[in-house]
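Working notes, structure below.
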Amino acid sequence: MIRFENVGMRYGAGPEVLRDISFQLDVSSFHFVTGSSGAGKSSVLKLIYMSERPSRGVVWLFDKQVSSLPRRALPPLRRHIGVIFQDFRLINHLSTFDNVALPLRLAGESEVKVTETVTDLLTWVGLADRFEARPPTLSGGQQQRVAIARAVIARPSLILADEPTGNVDDAMAMRLLRLLEEMNRLGTTVIVATHNHHLATRMGQPRLHLDGGRIALIRPEAPVDRVMPRS
Amino acid sequence: MSRGFDIPFARDGSVRFLPWIVALMVYLAGLALAGALLLDAALDDWSRGVSGVMTVELPPAATEQAGDIAVAPVVALLQATPGVASVKLLPRAAVAKLVEPWLGTGQAIAALALPQLIDVRIDPAHRPDFAALRAKLATAAPGAVLDDARLRFDRLFDLGMSIEVMTVVILVLIGIAAVLTTVFATRAGLAVHQNVIEILHILGARDSYIARQFARHALGLGLRGGVTGLVLAAATLALLGHAAAAAAILGPGLRLVPAITLLPWQWSVLVLVPIAAAAITYFTALATVHGALARMP
Ligand SMILES: Nc1ncnc2c1ncn2[C@@H]1O[C@H](COP(=O)(O)OP(=O)(O)O)[C@@H](O)[C@H]1O
Ligand SMILES: [Mg+2]
């Protein structure tokens, strides 16, 4: 599903924030990416959703070498990825409905299908009465539900969550993680970046730990292992 | 997508000035174009009026009979000249009619020695050699004056043509200014909306989708500015037309203000100006966004 081969990355002419990163994640797996603030968790996710390119090495996604694909080939691939951000990144002047509908409309779905799917999902996440509300008028919890709905509406095969528990209370955070687990059980590959090691440990899932620009795979109940799995 | 914009254009000041600049440009371009159209029509009229005729004027003869004798060889000479279509001696009565506004119809005129005028129609496609003709006339009838209206107007035509060329240059410059303005406004918009653009990209939007949103928005601004500019230009032309009419009441022939009356087809040419402006804003915004996004990773 995802494979990094000796990936290095820097922003502009800055120092390498990621060095010699190699790992492979299988379809329908669930991984955490951990590390302290500034360790490069968000950068790893950006490489996966292709908003940044590696400065060296190769990134494979959906069996394609995406690190060298031309720009115009990326949008169709991105439509198979749902991303949830800590600050939600909703579009503030669009209604809740239009925010959630966006991925479907960008994929060229018919308005009939869009209306049906978005109505169902927003009702399911308990926002049936807030279709027309703009995100700034919603509570933090409601905004996160809109963000989650937008990430899953197009049935992505990969869900990335960047610090999804940062801006909501613990109960809400656990509910989200349970939801992601549920989607993972249904076959979706899930990657959650968090600086909260306890959270990751508590969930009993393997985690990729970033430190000093390097990565290590830590299996639950196992010591740190510096040997990268390779295909 | 026929819905509104995903990018919150309504909230940014970066392009708010664009309609006004476009309005100003369309106003100036519209007036320049109207002037050129009027000038072109006038040049056309003059050209048609003067290029086919010339006049040969013979000095007054003592008697009508003497006059006829002097005229005959000149008429023959003219008829033999290549490029001359027809030759007609104006009868004395016609010449008298010509001077009537100045001299009246009284007895005096009958006694007056009038010049003899020969009206010559020439073939505009094969104009005669005027220098040679003038030389021959000088020997055949000393004192004869060959008056080619065309020659007198040529300098005026040249002036008119250079004004038209300048108008085209001005229109092109206004077009370039419109392109540059749109480029800068669009770049500013790209910077302001960087965040939303990034979100749209992450959600799977193509560059062309984002470019079309910017272009559609620019088109709206361009149309709004273009219509404003055209309305203002039309109002100005109408005002000048009224002023001309008012001046005409003061006295016939008193032309303080040039008469401005555009024909329907000339108006439809003016309507093309805001349409061109809108097209410029649309395609410039489209190209600017495509260019900027293509440089992203
Ligand atoms: N857009 C950027 N431009 C320059 N440097 C950046 C940018 N984003 C992140 N960085 C730097 O890259 C490093 C890793 O950042 P990030 O991936 O956001 O870490 P994390 O998500 O683990 O907190 C940090 O040192 C950060 O300052
Ligand atoms: Mg981060």
Original post:
Taking interchain pairs and intrachain pairs at least six residues apart, which have beta carbon atoms under 7 angstrom, with the first residue in region A:114-134 and over 13 Å from A:Ile153 (Cβ atoms) and the second surrounded by 14 or more Cβ atoms within 10 Å (Cβ to Cβ) and among the small types (Gly, Ala, Ser)?
Top reply: A:Phe131/A:Ser95; A:Glu132/A:Ser95; A:Ala133/A:Ser95; A:Arg134/A:Ser95
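Just the residues that are crowded, with 21+ Cβ neighbours inside 10 Å and over 15 Å from A:Ile81 (Cβ atoms), please, taken from region A:18-30.
Initially, region A:18-30 is screened for residues crowded, with 21+ Cβ neighbours inside 10 Å, giving A:18, A:21, A:25, A:30.
Within region A:18-30, A:Leu18, A:Ile21, A:Phe30 meet the criteria.
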Subject >> Of all residues in region A:48-60 being within 14 Å of A:Leu25 (Cα to Cα) and within 14 Å of chain B (Cβ to nearest Cβ), the one that is nearest to the chain's Cα centre (by Cα) >> reply: A:Ile48
Subject >> Leading residue by the ranking (surrounded by the most Cβ atoms within 10 Å (Cβ to Cβ)) among those in region B:1-43 that are free of Cβ contacts under 8 Å to residues at least 40 places away in the same chain and more than 14 Å from chain A (Cβ to nearest Cβ) >> reply: B:Arg16
**OP:** Determine which member of the set B:Lys88, B:Lys97 is at pLDDT 80 or above and basic (Lys, Arg).
**Re:** B:Lys88
Subject >> Pairs with Cβ under 7 Å, 6+ apart, first in region B:188-205 and more than 7 Å from chain A (Cβ to nearest Cβ), second among the charged types (D, E, K, R) and not in a helix (DSSP H, G or I) >> reply: B:Gly189/B:Asp12; B:Val192/B:Asp12; B:Leu200/B:Asp6
Subject >> Selection within region A:24-45 - more than 8 Å from ligand 1 (Cβ to nearest atom) and on the phi > 0 side of the Ramachandran plot >> reply: A:Ser28
Subject >> Count - residues of region A:88-122 that are facing chain B (nearest Cβ under 10 Å) and polar (S, T, N, Q) >> reply: 2
**OP:** Scan region A:155-176 residue by residue and report those that are away from ligand 1 (no atom under 16 Å from the Cβ) and not in a loop (DSSP other than H, G, I, E, B).
**Re:** A:Leu158, A:Ile159, A:Asp170, A:Ala171, A:Met172, A:Ala173, A:Met174, A:Arg175, A:Leu176
**OP:** Just need a number here: residues in region A:1-16 that are touching a strand residue (DSSP E or B) at 6+ places or on another chain (Cβ under 6 Å) and within 16 Å of ligand 1 (Cβ to nearest atom).
**Re:** 6
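Tell me which residues, restricted to region A:68-97, are away from ligand 2 (no atom under 16 Å from the Cβ) and touching a residue at least 40 places away in the same chain (Cβ under 8 Å). Please lay out each step first, then the result.
Filtering region A:68-97 for residues away from ligand 2 (no atom under 16 Å from the Cβ) gives A:68-82, A:90-97.
The answer is A:Arg79, A:His80, A:Ile81, A:Gly82, A:Leu90, A:Ile91, A:Asn92, A:His93, A:Leu94, A:Thr96.
The values are calculated or read from the model by the stated rules, or taken from the named source; none is laboratory data. All values reported here derive from a predicted model rather than from experimental measurement. Heads up, the Cβs are rebuilt from the backbone with ideal geometry, glycines too, and the neighbour counts pull from every protein chain shown.
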